[in-house]
1. With respect to I152, determine if the residue is over 19 Å from Y65 (Cβ atoms), touching a Lys or Arg at 6+ places or on another chain (Cβ under 6 Å) and of a type in the set (V, I, T).
2. Where residues in the stretch 110-122 are surrounded by fewer than 17 Cβ atoms within 10 Å (Cβ to Cβ) and in contact with a Phe, Trp or Tyr (Cβ under 9 Å, 6 or more places away or on another chain), which of them is farthest from R167 (Cα to Cα)?
3. Going through the stretch 11-27 one residue at a time, which ones are hydrophobic (A, V, I, L, M, F, W, C) and modelled with pLDDT under 95?
4. Collect the residues in the stretch 123-159 that are surrounded by 15 or more Cβ atoms within 10 Å (Cβ to Cβ) and in a strand (DSSP E or B), keeping them in residue-number order.
5. Is one or more of the residues making up the stretch 54-74 more than 30 Å from T148 (Cα to Cα), at pLDDT 95 or above, aliphatic (A, V, I, L, M) and surrounded by fewer than 15 Cβ atoms within 10 Å (Cβ to Cβ)?
6. Can you tell me which of (1) out of contact with any strand residue (DSSP E or B) (no Cβ under 6 Å at 6 or more places or on another chain); (2) among the polar types (S, T, N, Q); (3) touching a residue at least 24 places away in the same chain (Cβ under 8 Å) is the one T31 doesn't meet?
7. Could you grab the pairs with beta carbons closer than 8 Å, sequence gap of 6+ or different chains, first residue in the stretch 1-26 and farther than 23 Å from I57 by Cβ and surrounded by 10 or more Cβ atoms within 10 Å (Cβ to Cβ), second one of a type in the set (D, E, K, R) and at pLDDT 65 or above?
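The values are calculated or read from the model by the stated rules, or taken from the named source; none is laboratory data. Only a predicted model underlies this, so the values are computations on that prediction, with no experimental measurement involved. No Cβ is skipped: glycine too gets one built from the backbone with ideal geometry, and neighbour counts run over all protein chains shown.
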Amino acid sequence: MFADTILSRIFTNAGLTQRLGVELATDLKLTKSWKLYVGGTVYRFTQQGQLFQNEVIFDRAAWVYSVNANSTVQLNPTLVWQANINYLSRRITAQGEDSRFLIPNMSLKKSLMGNRLTIMAQWQNIGLGFLPTNEQRITTYGKDFYTTTNYIQEKDIFLINLSYSFRQLSKRAKLPGNDFGEKEF
């Protein structure tokens, strides 16, 4: 016997889905030291089908979009700042919807000792105490029920990474030759 507060999620191929849209992206070099990538998609999402031996019949459609951006600034030869943001809009499901999803990140990387030692500070899932980052609400409803769950993951994660390379990066690796010389074919 199950309590009425237990939610069972069942994943199934319940019908036909179609997506028709466009994806655009650009990679720009705005200045000698600043690169910017911006991309996005927009599409019409339709679903038709049935669940539970035709007990639930659905025919739904919605517009969905996503935006991705990455900015890299070479502050000096050994210091790089990078920021990125990923956003996915609200999406429909057979019996409900999934909310929008936002992930902003930032990092600062410093190279030392001829690029053998690097120190990187990362700020992941930037929330600043008020942004709805790394959160998603999943809502499901039907004739006799309604349920919604808000998934809130960690925000404002700060990481410091220190790495050292024992191998000299500036030297080119010497590969073994072959019987045919420099040009094989």
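1. Details: over 19 Å from Y65 (Cβ atoms): yes; touching a Lys or Arg at 6+ places or on another chain (Cβ under 6 Å): no; of a type in the set (V, I, T): yes.
When the stated conditions are applied, I152 does not pass them.
2. Here the answer is Q122.
3. Initial filter on the stretch 11-27 (hydrophobic (A, V, I, L, M, F, W, C)): 11, 14, 16, 20, 22, 24-25.
Selection gives F11, A14, L16, L20.
4. W123, Q124, E135, Q136, R137, I138, T139, T140 - these are the residues of the stretch 123-159 that are surrounded by 15 or more Cβ atoms within 10 Å (Cβ to Cβ) and in a strand (DSSP E or B).
5. The answer is no; no qualifying residue exists.
6. (3)
7. G21/R44
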